[in-house]
């Protein structure tokens, strides 16, 4: 699943985060890369010692959890601390697959990856998130505040930035449902369920869809 989630962050939240990030130190992004990824990773990331880092991360996490679209698609069980990445001209992140297990304290499995854009598309050239799917390579470059989620096992890269600055928040989710095909079925069913509950709550078909969704989550969840 490759899913665009519009307006994850409110404009005021983006502005506040940008003010902090524009004045904060960034370090070599390879410090957080796995053995394979560090060979193709060329970006910088917000220094973990920045006092405001936890506050920025909390804004991102709160934004994700208030999104029905994110919760229905990712079915989050554990959410790692988001990373704030910056790309300036010449920087890129070559083709890679995210590490299967992350976490510096409690570890978690990476099932779903997310990128939330903090720079407007016109602020930089290049820098597209490129994701390899069964339908070919998909290029993603969204407005500030928008996000995209995709399976962490998907091959992806960030194209070279040739002008300006690309700022993003990235992170990973351990889902209650490990299998991406099952998550996609549940996402589609959740949409139908929510529509029926809103428009026709008394119909027998609404109960049937609701019960099917609940029992599939029960059947497939790992918590």
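Throughout, read-outs are computed from the coordinates displayed, never taken from laboratory work. For clarity, every value in this text was computed on a predicted model and none was experimentally measured. Cβ: placed from backbone, ideal geometry, glycine included. Neighbour counts: every protein chain shown.
Assorted remarks:
- Angle between the chain longest axis and helix 11-21 axis [Cα atoms, degrees, rounded to 10]: 30
- Fully extended contour minus Cα-Cα distance, from residue 132 to residue 7, at 0.36 nm per residue: 42.6 nm
- On the beta carbon distance between residue 162 and residue 120, with R0 = 22 Å, the FRET formula returns roughly 0.85.
- Estimated from the Cβ-Cβ distance and a Förster radius of 30 angstrom, the FRET efficiency linking residue 38 and residue 18 is about 0.60.
- Ordering of 183-191, 93-101, 145-153 by packing [mean C-beta count within 10 Å, highest first]: 145-153, 183-191, 93-101
- Matching label, mean projected area of the Cα convex hull in nm² computed from the structure shown, candidates (1) 11.3; (2) 13.7; (3) 13.0: (3)
- Angle between the chain longest axis and helix 53-65 axis [Cα atoms, degrees, rounded to 10]: 30
- Taking 19 Å as the cut-off, the amide N atoms of the stretch 138-176 that come nearer than this to a point 7 Å along the Cα-to-beta-carbon line of residue 221 belong to 173-176.
- Taking the fewest neighbouring Cβ atoms within 10 Å as the starting point, the ordered list for 41, 141 is 141, 41.
- Gain in span if fully extended, residue 178 to residue 205, counting 0.36 nm per residue against the direct Cα distance: 6.9 nm
- Helix 180-199 axis, angle to the chain major axis (alpha carbon atoms, nearest 10°): 60
- The stretch 37-95 versus the stretch 97-152: alpha-carbon centroid distance in Å: 9
- Residue ranges 54-61, 169-176, 216-223, 65-72 sort as 169-176, 54-61, 65-72, 216-223 when ordered by packing (mean number of other C-beta atoms within 10 Å per residue, highest first).
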